[in-house]
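Accompanying notes for the structure given below.
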């Protein structure tokens with residue numbers, strides 16, 4: 001292995017901690033020119049009762065706050081989780097939001113937050129191993145009027161003979177979308193973008209961002225060699241990336257991290273696949289039965305016991321690998337008490 005996997009958190013953060021590299025990536029992906037980029041703190045705790053949330057990368061460019069987060073493997077919660085990150089990046093602006101004074105008369109005034117100073121948030125989720133069933137390089141979601149969705153889904157309207165009616169309806173909905181009263185257009189400037197590394201590498205579209213995802217994909221191969229990256233050395237920024245993730249200067253802790261990450265990712269994939277396979281099998285049974293009642297209580301209990309046992313074995317493997325409760329909880333959704341119970345069982349078995 002010549003280069004460490006860029007998609008691994010440690011090396012992704014090591015690369016994007018360089019302002020020049022982060023600036024260039026954003027310019028290439030969004031096809032813009034950035035005069036100034038300010039890297040912001042990534043670790044936050046919103047309330048005393050919430051767990052800490054850490055972004056992979058967070059910055060501010062002229063008129064937007066931007067998050068880039070790397071997702072290495074399939075996870076069922078990525079839509080909800082990144083929507084939360086996206087929302088947090090808006091809320092965090094309260095930290096430095098100025099006040100404005102409202103005069104109440106009789107020389108009295110009231111200070112309130114000046115929400116006019118809120119700026120849009122862009123969240124870019126870099127998916128290394130998933131495409132959410134899309135074939136495009138990326139997909140963007142924004143907040144817009146629900147009437148637009150109604151317009152597109154109106155099957156009765158979308159007929160060739162209705163072309164004049166369609167034009168009239170389109171004009172009406174454009175007026176809704178373009179309404180900037182009280183800065184309504186602010187909502188559409190906030191974006192959640194899912195970028196699909198597998199699709200970008202496969203599609204090979206001429207784009208400035210192709211080289212970034214192509215290089216990252218090559219580094220995922222544990223057998224990658226120095227010659228694979230010669231063409232990137234002609235570019236100063238990419239040469240710096242290669243320097244930062246080159247294994248030639250690695251210490252043992254780096255190799256241990258890579259081995260642990262590889263094993264962990266493989267275990268997670270196997271764990272998720274169990275439930276995917278079971279869901280497929282159950283779906284096939286229902287299709288073949290077609291109206292035959294097969295869901296007896298005894299059978300449901302067996303299935304549940306089987307799933308619980310498989311999850312338990314998975315937790316045992318994670319414990320043996322030395323993974324802390326915090327990581328095990330995120331993967332299995334078990335409580336500390338349930339995980340500790342399994343730990344104690346392992347200790348008891350070891351003594352026997």
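The values are calculated or read from the model by the stated rules, or taken from the named source; none is laboratory data. Bear in mind that the values here come from a model prediction, so they are computed numbers and not experimental data. All Cβ positions, even for glycine, are placed from backbone atoms using ideal geometry, and neighbour counts span all protein chains on display.
Couple of notes before you dig in:
- Residue count for the stretch 313-337 under the criterion of being touching a helix residue (DSSP H, G or I) at 6+ places or on another chain (Cβ under 8 Å) and more than 25 Å from residue 258 (Cα to Cα): the result is 3.
- Considering the stretch 200-220, and only residues there that are over 19 Å from residue 233 (Cα atoms) and outside any helix (DSSP H, G or I), the residue that is modelled with the highest pLDDT turns out to be 204.
- For residue 189, the requirement of being within 30 Å of residue 70 (Cβ to Cβ), out of contact with any helix residue (DSSP H, G or I) (no Cβ under 9 Å at 6 or more places or on another chain) and touching a residue at least 60 places away in the same chain (Cβ under 8 Å) is met.
- Residue within the stretch 41-52 that is part of a loop (DSSP other than H, G, I, E, B) and at pLDDT 85 or above present: no
- Among the residues of the stretch 228-253, the one identified as in a helix (DSSP H, G or I), surrounded by 13 or more Cβ atoms within 10 Å (Cβ to Cβ) and more than 27 Å from the chain's Cα centre (by Cα) is 228.
- Filter result (within 22 Å of residue 139 (Cβ to Cβ) and assigned to a loop (DSSP other than H, G, I, E, B)) within the stretch 159-199: 185, 190
- Any hit, the stretch 310-329, residues being within 24 Å of the chain's Cα centre (by Cα), assigned to a loop (DSSP other than H, G, I, E, B), more than 19 Å from residue 77 (Cβ to Cβ) and at pLDDT 75 or above: yes
- Screening 213, 186 for residues that are more than 30 Å from residue 117 (Cα to Cα) and surrounded by 14 or more Cβ atoms within 10 Å (Cβ to Cβ) leaves exactly one candidate, 213.
- Unmet requirement for residue 57, which otherwise passes all of (1) crowded, with 19+ Cβ neighbours inside 10 Å; (2) over 27 Å from residue 256 (Cα atoms); (3) modelled with pLDDT under 85: (2)
- Output for the stretch 78-117, where each listed residue is assigned to a strand (DSSP E or B) and closer than 19 Å to residue 188 by Cβ: none
- Residue satisfying all of: in the stretch 5-26; out of contact with any helix residue (DSSP H, G or I) (no Cβ under 8 Å at 6 or more places or on another chain) and buried (at least 17 other Cβ atoms within 10 Å of the Cβ); farthest from residue 200 (Cα to Cα) among these: 23
- The single condition from (1) surrounded by 12 or more Cβ atoms within 10 Å (Cβ to Cβ); (2) in the same structural domain as residue 54 (by TED's automatic domain parsing); (3) touching a helix residue (DSSP H, G or I) at 6+ places or on another chain (Cβ under 7 Å); (4) in contact (Cβ under 8 Å) with a residue 12 or more places away in the chain that residue 135 fails is (1).
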